[in-house]
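Asker: Following this message is one structure expressed as structure tokens.
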Amino acid sequence: MIASVKHRKGGERISNRDRLFYLLINLFVGLLTLMVLYPLIYIVSSSFSSPAAVSAGKVTLWPVDFSLRGYQAVFEYKSVFIGYRNTIFYTVVGTLINVAMTMLAAYALARKTLPGRGFFTFLFTFTMMFNGGLIPNYILMKDLHIINTVWAILLPGAISAYNLVVTRTFIQNTIPDDLLEAAQIDGCSDTQFFFQFVLPLSKAVMAVITLYYAVTHWNAYFKAFIYLNDRSLYPLQIYLREILIMNSMDTESIMDPDQMEAMQGMADLLKYSLIVVSTAPILCIYPFLQRYFIKGVMIGSLKG
Amino acid sequence: MHSKRHTLSRRIARHWQLYLFLLLPLIYLLIFHYYPMTGVQIAFKKYSARLGIWGSPWVGLKNIQKFFNSVRFTTIVGNTLRLSLYSLIAGFPLPVIFALMLGVMRNERYKKVVQTITYMPHFISVVVLVSMILQIFNPILGIYGKAYSALFGTAAPDLLGSPAALPHIYVWSGIWQSFGWDSIIYVAALAAVSPELHEAAQIDGASRFQRVLHVDLPAILPTATIMLILRTGKVMSIGFEKIFLLQNDLNLTTSEVISTYVYKVSLKASVPDFSYSTAIDLFNSVINLFLICTVNFISGRISETSLW
């Protein structure tokens, strides 16, 4: 009995009654994974099929009559191009603002000796629990005269309290007090300490919050939906909503009028390709950065 | 007394650079979070754009009473509660069970692939998620429609236009999207279990299933309790984005929730009532705040883990 218990991983002997259990678990997990995967495969396969195969509902697993016409249509669609360009702008500039502001606040709030630290931290975390609501925020945007400008997208939500707590916790846990004391003895000011030590040592958490903020910007539609009505400022998600959910094809924006008719028949194919084109950037990057995303959840769970 | 104040001001002075770091974030916080909170007063006023937030006349509790007496009050609050309680009850256990199963798996490569795939839907935007639902559940063209007519020989019912089906679609698409990601925190808790506990259980002749029940499960139970308590605190908040996109005229009897109703009586209405919608928002926020505080208090008592 005791002899059969070796070290875990690899060397462990499996008894017969456990073998069935392991088998069942592996099967069940496999089944769940397939259930997650199937809709994704279905969308991607449809997007690579021919318009006829899609409208006849022939696609079940793999592409039928492989074609790239859906993608061709997407790239000829002017609104998608505008939306893509705007979303990249909002994501890059918005994330820069987010990370800069979060680092500023997190560094100061991570210092245990800072008078008023608890009060300031509370001011930030309280925003997670209570906000003015739709209309007071809307009136504020109006009073600031930033409705229908890029600032309505970039400024509200510049600091997420959750990300701030994650960053502050990380700085507190990774940068030893001794380092600060030693630096202070050498005459290092708080600002110098931030640039010379805190920033380089916080690369991991900055990667985490950069990803979180960037994904949020990429996927957001609410602020644009409420605060923008100038079509040239719309992010991709707003155009996606129009095309994918409200079924309104902006036929005037098709560059080649001859294609209009063909386009109508391709409406469904276009949708599948559009889903792929809009989501692919994130899903392609994500597996390589998975460990950073997961790290964020771990640090966040330490407190809050 | 005097010297104490003296040292405090010296401590503040010593940290002046840190306050400079905080300056910009605090200005942001005051403008974009705390200033709008003063706007909440229009819930008790008859707001007019001309007179502004501060100049509009007070009307007391009239707006909130209007909501309470509205014929739609019970439907809207009921829909909000139904969707969130259903999400909680159906969605809470699965990540826990999934993490336990991942913990049992011995093939590390297989496990990595499973994790990568199941975490993936977390990154899909709500717009794309809802349009995937619309495509897949299309009664004529979607895979659901095709499968239904192949199985039963009749045309498939339109699930998206059905008030009875909407809560299921809302909740299960949410579970599809998040059960993998939500399991991360439990996987982390499992990784902290000492291998010696497992070895000891094995010496006692415990099967792997028994070890799941008596070693793994107790190890994640504290984390699960906290997560459950925290989620209970959010039971009155159904976010606007997803449910709004799933709404159509046919399913409105179960899909109209507080956040969408607030939007419809204000920004979308032909005669916008800013005060009325703010009153509804406030009613919702106050309940949420109360729930979170209560739940946080309980959580602090039980597990010494609290939000602040």
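The values are calculated or read from the model by the stated rules, or taken from the named source; none is laboratory data. From a predicted model like this one, the values you see are computed outputs, not experimental measurements. Positions of Cβ are backbone-derived with ideal geometry, glycine not excepted, and every protein chain shown enters the neighbour counts.
Asker: Could you list, in sequence order, the residues of region B:94-112 that are touching a helix residue (DSSP H, G or I) at 6+ places or on another chain (Cβ under 8 Å) and assigned to a helix (DSSP H, G or I)?
Answerer: Within region B:94-112, B:LEU94, B:PRO95, B:VAL96, B:PHE98, B:ALA99, B:LEU100, B:MET101, B:LEU102, B:GLY103, B:VAL104, B:TYR110, B:LYS111 qualify.
Asker: Turning to a different aspect of this structure: For region A:47-66, what are the residues that are out of contact with any Ser or Thr (no Cβ under 6 Å at 6 or more places or on another chain), more than 8 Å from chain B (Cβ to nearest Cβ) and either within 21 Å of B:ALA156 (Cβ to Cβ) or surrounded by 14 or more Cβ atoms within 10 Å (Cβ to Cβ) (or both)?
Answerer: Scanning region A:47-66 gives A:PHE48, A:SER49, A:PRO51, A:ALA52, A:ALA53, A:ALA56, A:LYS58, A:LEU61.
Asker: Something else about it: Return a yes/no flag: does region B:210-218 have any residue that is among the basic types (Lys, Arg) and assigned to a helix (DSSP H, G or I).
Answerer: Scanning region B:210-218, I find at least one residue that is among the basic types (Lys, Arg) and assigned to a helix (DSSP H, G or I), so the answer is yes.
Asker: Next question. Being within 15 Å of the chain's Cα centre (by Cα), under 22 Å from B:LYS242 (Cβ atoms) and within 11 Å of chain B (Cβ to nearest Cβ) is true for just one of A:TYR213, A:TYR221, A:TYR239, A:TYR227. Which residue is that? Outline the logic, then answer.
Answerer: Details: A:TYR213 fails: within 11 Å of chain B (Cβ to nearest Cβ); A:TYR239 fails: within 15 Å of the chain's Cα centre (by Cα); A:TYR227 fails: within 15 Å of the chain's Cα centre (by Cα).
A:TYR221 is the lone residue from the list that is within 15 Å of the chain's Cα centre (by Cα), under 22 Å from B:LYS242 (Cβ atoms) and within 11 Å of chain B (Cβ to nearest Cβ).
To keep it simple, each residue is scored yes or no on (1) surrounded by fewer than 18 Cβ atoms within 10 Å (Cβ to Cβ); (2) in contact with a Ser or Thr (Cβ under 9 Å, 6 or more places away or on another chain).
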site: A:LEU134; (1), (2): no, yes
site: A:LYS142; (1), (2): yes, no
site: A:ILE153; (1), (2): no, no
site: A:ALA161; (1), (2): no, yes
site: A:ARG168; (1), (2): no, yes
site: A:PRO176; (1), (2): yes, no
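Asker: Still on this structure, I have one more. Can you report the number of residues in region A:131-145 which are free of Cβ contacts under 8 Å to residues at least 24 places away in the same chain and out of contact with any His (no Cβ under 9 Å at 6 or more places or on another chain)? If you could, list the steps in order and put the result at the bottom.
Answerer: Of the residues in region A:131-145, the ones free of Cβ contacts under 8 Å to residues at least 24 places away in the same chain are A:131-133, A:135-137, A:139-140, A:142-145.
Narrowing further to those that are out of contact with any His (no Cβ under 9 Å at 6 or more places or on another chain): A:133, A:135-137, A:139-140, A:142-145.
Matching residues across region A:131-145 total 10.
Asker: Within region B:122-142, count every residue that is more than 7 Å from chain A (Cβ to nearest Cβ) and more than 30 Å from A:TYR213 (Cα to Cα).
Answerer: The qualifying residues number 5.
Asker: Would you tally the residues in region B:18-63 being in a helix (DSSP H, G or I) and more than 13 Å from chain A (Cβ to nearest Cβ)?
Answerer: 1
Asker: Next question. Restricting the search to region B:182-225, which residues are in contact with a Ser or Thr (Cβ under 8 Å, 6 or more places away or on another chain) and either among the hydrophobic types (A, V, I, L, M, F, W, C) or exposed (fewer than 14 other Cβ atoms within 10 Å of the Cβ) (or both)?
Answerer: Once the filter is applied, which keeps residues that are in contact with a Ser or Thr (Cβ under 8 Å, 6 or more places away or on another chain) and either among the hydrophobic types (A, V, I, L, M, F, W, C) or exposed (fewer than 14 other Cβ atoms within 10 Å of the Cβ) (or both), region B:182-225 yields B:ILE185, B:ALA188, B:ALA189, B:PRO222.
Asker: Still on this structure, I have one more. Is it the case that B:SER237 is within 11 Å of chain A (Cβ to nearest Cβ) and part of a helix (DSSP H, G or I)?
Answerer: Taking the combined requirement at face value, the residue does not satisfy it.
Asker: Here's another thing I want to ask about it. Report, by residue number, each residue of region B:143-160 that is of a type outside the set (S, T, N, Q), surrounded by fewer than 16 Cβ atoms within 10 Å (Cβ to Cβ) and within 14 Å of chain A (Cβ to nearest Cβ). So that I can check it myself, show each step before the final result.
Answerer: In the first step, residues of region B:143-160 are kept if they are of a type outside the set (S, T, N, Q); the result is B:143-148, B:150-153, B:155-160.
When the remaining residues are screened for being surrounded by fewer than 16 Cβ atoms within 10 Å (Cβ to Cβ), the result is B:147, B:150-153, B:155, B:157.
The answer is B:ALA147, B:ALA150, B:LEU151, B:ALA155.
Asker: Out of B:ALA206, B:ALA156, report the one residue that is more than 26 Å from A:VAL54 (Cα to Cα), outside any helix (DSSP H, G or I) and at pLDDT below 90.
Answerer: The unique qualifying residue is B:ALA206.
Asker: Kindly evaluate A:ILE238 against the criterion of being at pLDDT 75 or above, touching a helix residue (DSSP H, G or I) at 6+ places or on another chain (Cβ under 6 Å), among the aliphatic types (A, V, I, L, M) and within 20 Å of B:THR118 (Cα to Cα).
Answerer: For A:ILE238, the condition - at pLDDT 75 or above, touching a helix residue (DSSP H, G or I) at 6+ places or on another chain (Cβ under 6 Å), among the aliphatic types (A, V, I, L, M) and within 20 Å of B:THR118 (Cα to Cα) - is not met.
Asker: Just to be sure, is B:ILE243 in a loop (DSSP other than H, G, I, E, B) and crowded, with 19+ Cβ neighbours inside 10 Å?
Answerer: no
Asker: Something else now. Restricting to region B:71-85, give me the number of residues that are under 9 Å from B:MET236 (Cα atoms) and of a type in the set (Phe, Trp, Tyr).
Answerer: 0
Asker: So, A:ARG8, is that one touching a helix residue (DSSP H, G or I) at 6+ places or on another chain (Cβ under 6 Å), loosely packed, with under 14 Cβ neighbours inside 10 Å and either at pLDDT below 90 or on the phi > 0 side of the Ramachandran plot (or both) or not?
Answerer: yes
Asker: Can you say whether A:ILE147 is hydrophobic (A, V, I, L, M, F, W, C), under 30 Å from B:GLY52 (Cα atoms) and crowded, with 20+ Cβ neighbours inside 10 Å, as far as the supplied structure shows?
Answerer: no
Asker: Need the failing condition index for A:ILE159 against (1) touching a residue at least 40 places away in the same chain (Cβ under 8 Å); (2) facing chain B (nearest Cβ under 7 Å); (3) more than 27 Å from B:ARG14 (Cβ to Cβ), just the number.
Answerer: (3)
Asker: Every residue in region A:67-102 that is within 9 Å of another protein chain (Cβ to nearest Cβ) and aliphatic (A, V, I, L, M), please.
Answerer: A:ALA100, A:MET101
Asker: If you don't mind, there's one more thing I want to ask. Restricting attention to region A:31-51, does a residue exist that is assigned to a helix (DSSP H, G or I) and modelled with pLDDT under 85?
Answerer: The answer is yes, given that some residue of region A:31-51 is assigned to a helix (DSSP H, G or I) and modelled with pLDDT under 85.
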